[in-house]
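Here's the structure we're looking at; comments come further down.
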2 protein chains.
Amino acid sequence: MTDDLANGSISPDFRLDIPEGDDRTRRICNNCNFIDYVNPRIVAGSVVTRDDKILLCRRAIEPRKGFWTLPAGFMEENETVEDAARREAQEEACADIRISQLLAVYSVPRISQVQVMFRASLASDIAAGPESLEVGLFAWKDIPWSELAFPTVIWALTHYSGTRHLRGFPPFTNPPGTESLTR
Amino acid sequence: MTDDLANGSISPDFRLDIPEGDDRTRRICNNCNFIDYVNPRIVAGSVVTRDDKILLCRRAIEPRKGFWTLPAGFMEENETVEDAARREAQEEACADIRISQLLAVYSVPRISQVQVMFRASLASDIAAGPESLEVGLFAWKDIPWSELAFPTVIWALTHYSGTRHLRGFPPFTNPPGTESLTR
């Protein structure tokens, strides 16, 4: 290894190949033979409410910058799913939340994501974090449906709405007939 | 890039650093500056039953080779969680299964895993796949409790048992008081 290498004069250069003992094609770096095992990633998030109003965040980052979303994001190492959902609410809306139950487990195989969504209550004030342009609490009738960032946000809001007065319900998965959005 | 490089004469050589625009330390290769983003991985599996007997597989691979487990394994790209659970039952026990409902979502932050476990019924014969030494259908009283591979296998069997006659129950998470096993 030289300083030139450490300074970034070369970049990863991946070929597709099946590693020994494996049965799937993986990306292998031609420079250093690193095998880039990729597994689906978990997005953890919440439908957070106070007084029947729902917390939404307007995205300050791509994809879907400027559109509204639920506080949610990629799990980091050494977290529980619940830890990750609480951290994302804190990061995106400076919100302390209290998770009450699992709302849904959605799969988006096209982009290899699993989204684990909870129901939670708001236990603090809110303010836009660095990844949000603004945050707000919306009554159901005021939700900006045409400006929501992702189909799973619509699903989670809808599934929340149908079970808002229930405790201990089985969680939802992808709605039937939505394969064209996820496959 | 030379043939020597492609033939594996150098290996990945990672430093720990915070990439620009990030707020966490990541592994970055000194050879090619590849950033190895790591996120928790999802294990998808099932408690599969026929006539009140439960499908178990004796592991042919490490970790916990020789111990009994539920059919479960790492999700691959472009699957749903349910796809992955079905594939693992097929790979480990040559079993076609019919998933009925979500049983549990366990987090094991120490090893950055989230385990999504379903309840399913067996719809085929079974046989040991390449990762299993043997497979079997066990009545509750015959389960080899002292030879189970992982705590989450015990949890899933216990949670299954408590809800075997229920439909539409809320899924379980880690049992209380088990943090020393997962943190």
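The values are calculated or read from the model by the stated rules, or taken from the named source; none is laboratory data. Just so you know, these numbers come straight off a predicted model, no measurement behind them. Note: ideal-geometry Cβ built from the backbone for every residue, glycine included; neighbour counts use all protein chains shown. What goes into the accessible areas is simple: the full protein's heavy atoms, side chains included, and nothing from ligands, DNA or RNA. Shrake-Rupley method; radii C 1.70, N 1.55, O 1.52, S 1.80 Å.
I want to confirm something. Restricting to the stretch B:128-137 and keeping residues that are part of a strand (DSSP E or B) and of a type in the set (A, V, I, L, M), which single residue is nearest to residue A:101 (Cα to Cα)?
Step one: list which residues in the stretch B:128-137 are part of a strand (DSSP E or B), which gives B:132-137.
Now drop any that are not of a type in the set (A, V, I, L, M), which leaves B:133, B:135, B:137.
Working: B:133: 38, B:135: 35, B:137: 33 Å.
The qualifying residue nearest to residue A:101 (Cα to Cα) is B:137.
Only residues that are of a type outside the set (Lys, Arg) and at the interface with chain B (Cβ under 8 Å from one of its Cβ atoms): list them for the stretch A:29-47, please.
So in the stretch A:29-47, the residues of a type outside the set (Lys, Arg) come out as A:29-40, A:42-47.
Within the stretch A:29-47, A:29, A:30, A:31, A:32, A:33, A:34, A:36, A:38, A:39, A:40, A:42 meet the criteria.
Return yes or no: is residue B:91 within 13 Å of chain A (Cβ to nearest Cβ), acidic (Asp, Glu) and under 26 Å from residue A:80 (Cβ atoms)? Full working, then the answer.
Working: within 13 Å of chain A (Cβ to nearest Cβ): yes; acidic (Asp, Glu): yes; under 26 Å from residue A:80 (Cβ atoms): no.
No: the conditions fail for residue B:91.
Among the residues of the stretch B:101-110 satisfying the criterion of being touching a strand residue (DSSP E or B) at 6+ places or on another chain (Cβ under 9 Å) and open to solvent by 20 Å² or more (accessible area, probe 1.4 Å), which is nearest to residue A:116 (Cα to Cα)?
B:102
Residue B:121 fails exactly one of the following numbered conditions: (1) more than 11 Å from chain A (Cβ to nearest Cβ); (2) under 26 Å from residue A:76 (Cα atoms). What is the number of that condition?
The number of the failed condition is (2).
Checking residue A:98 against (1) open to solvent by less than 70 Å² (accessible area, probe 1.4 Å); (2) not in a loop (DSSP other than H, G, I, E, B), which test does it fail?
(1)
Tell me which residues, restricted to the stretch A:101-127, are in a helix (DSSP H, G or I) and either closer than 17 Å to residue A:54 by Cβ or in contact with a Lys or Arg (Cβ under 7 Å, 6 or more places away or on another chain) (or both).
The initial filter retains those residues of the stretch A:101-127 that are in a helix (DSSP H, G or I), namely A:109-111.
If the condition is that a residue be in a helix (DSSP H, G or I) and either closer than 17 Å to residue A:54 by Cβ or in contact with a Lys or Arg (Cβ under 7 Å, 6 or more places away or on another chain) (or both), then A:109, A:110 are the ones that fit.
Go through (1) within 16 Å of the chain's Cα centre (by Cα); (2) open to solvent by less than 10 Å² (accessible area, probe 1.4 Å) for residue B:113 and report which single condition fails.
Residue B:113 satisfies every listed condition except (2).
Could you list, in sequence order, the residues of the stretch A:114-128 that are out of contact with any His (no Cβ under 9 Å at 6 or more places or on another chain) and either modelled with pLDDT under 95 or aliphatic (A, V, I, L, M) (or both)?
Of the stretch A:114-128, the ones out of contact with any His (no Cβ under 9 Å at 6 or more places or on another chain) are A:114-116, A:118-128.
Once the filter is applied, which keeps residues that are out of contact with any His (no Cβ under 9 Å at 6 or more places or on another chain) and either modelled with pLDDT under 95 or aliphatic (A, V, I, L, M) (or both), the stretch A:114-128 yields A:114, A:116, A:120, A:122, A:123, A:126, A:127, A:128.
Can you go through A:110, A:183, A:167 and tell me which one is charged (D, E, K, R), in contact (Cβ under 8 Å) with a residue 12 or more places away in the chain and touching a Ser or Thr at 6+ places or on another chain (Cβ under 7 Å)?
Values: A:183 fails: touching a Ser or Thr at 6+ places or on another chain (Cβ under 7 Å); A:167 fails: touching a Ser or Thr at 6+ places or on another chain (Cβ under 7 Å).
Just a single option satisfies the conditions, and that option is A:110.
Out of all the residues in the stretch B:52-62, is one or more within 20 Å of residue A:21 (Cβ to Cβ) and without any contact (Cβ under 8 Å) to a residue 40 or more places away in the chain?
Checking the stretch B:52-62: at least one residue is within 20 Å of residue A:21 (Cβ to Cβ) and without any contact (Cβ under 8 Å) to a residue 40 or more places away in the chain.
In the stretch A:152-164, how many are touching a residue at least 12 places away in the same chain (Cβ under 8 Å), over 14 Å from residue A:119 (Cβ atoms) and not polar (S, T, N, Q)?
Total meeting the criteria: 1.
What number of residues within the stretch A:137-158 satisfy the criterion of being over 22 Å from residue A:111 (Cα atoms), open to solvent by 20 Å² or more (accessible area, probe 1.4 Å) and among the hydrophobic types (A, V, I, L, M, F, W, C)?
The qualifying residues number 5.
All but one of (1) in contact with a Phe, Trp or Tyr (Cβ under 6 Å, 6 or more places away or on another chain); (2) within 14 Å of chain B (Cβ to nearest Cβ) hold for residue A:112; state the number of the condition that does not hold.
Answer for residue A:112: the failing condition is (1).
Please return the ranges of strands (runs of 3 or more DSSP E) entirely within the stretch B:15-90 where 3 or more residues are open to solvent by less than 60 Å² (accessible area, probe 1.4 Å), within 19 Å of residue A:75 (Cβ to Cβ) and touching a strand residue (DSSP E or B) at 6+ places or on another chain (Cβ under 7 Å). Quick ask: steps written out before the conclusion?
Details: elements: B:26-29, B:41-50, B:53-59, B:72-74.
Fully inside the stretch B:15-90 and qualifying: B:41-50.
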